[in-house]
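In what follows, a single structure is set out as structure tokens and then discussed.
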Amino acid sequence: MGIDELKDVIRFALKLGTAIASAKEDGKIGWTDAAAFVPALVALPAAITGVGDVMDEIRDIDENEKTELHQMVRDEFEIPGDQVEQVVEQAFLVALEIVTLVNMV
């Protein structure tokens with residue numbers, strides 16, 4: 001089955017989180033921070049397109065696919081090795097919540 005759709009949702013969640021953290025660095029969020037959100041907005045269509053398949057991918061995930069998620073987070077977001085598992089777990093939970101919310105509305 002694979003985890004492409006799950007990766008898209010996790011990628012979006014991490015890009016959004018990165019943008020929020022960047023925008024908060026100076027203690028205030030304003031229009032000047034809008035550029036930080038562009039990567040998340042670019043990732044949004046891919047996350048939305050396959051959101052219906054994410055629950056099936058989660059149910060079917062295996063150890064190799066978990067390793068693949070860890071590698072993606074490490075490579076694309078430059079997360080230190082000792083934090084990768086925790087970041088992936090949180091992003092996984094966010095992905096679940098996004099899918100649950102989409103299915104509710």
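Each reported figure results from applying straightforward, stated rules to the coordinates on display, with no laboratory input. Treat the numbers as computed from the prediction; the structure is a model and nothing was measured. Cβ atoms come from the backbone with ideal geometry, glycine included; neighbour counts cover every protein chain shown.
Annotations
- Failed criterion for ILE10 (all others in (1) free of Cβ contacts under 8 Å to residues at least 60 places away in the same chain; (2) crowded, with 21+ Cβ neighbours inside 10 Å; (3) not small (Gly, Ala, Ser) hold): (1)
- Check on ASP62, exposed (fewer than 11 other Cβ atoms within 10 Å of the Cβ) and closer than 12 Å to ILE3 by Cα: yes
For every residue, the table says whether it meets (1) surrounded by fewer than 15 Cβ atoms within 10 Å (Cβ to Cβ); (2) assigned to a helix (DSSP H, G or I); (3) hydrophobic (A, V, I, L, M, F, W, C).
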position: ALA19; (1), (2), (3): no, yes, yes
position: LYS28; (1), (2), (3): yes, no, no
position: ALA34; (1), (2), (3): yes, yes, yes
position: MET55; (1), (2), (3): no, yes, yes
position: VAL73; (1), (2), (3): no, yes, yes
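- Pair list, Cβ under 6 Å, 6 or more apart: segment 82-101 residue buried (at least 17 other Cβ atoms within 10 Å of the Cβ), other residue not in a helix (DSSP H, G or I): VAL87/ILE79
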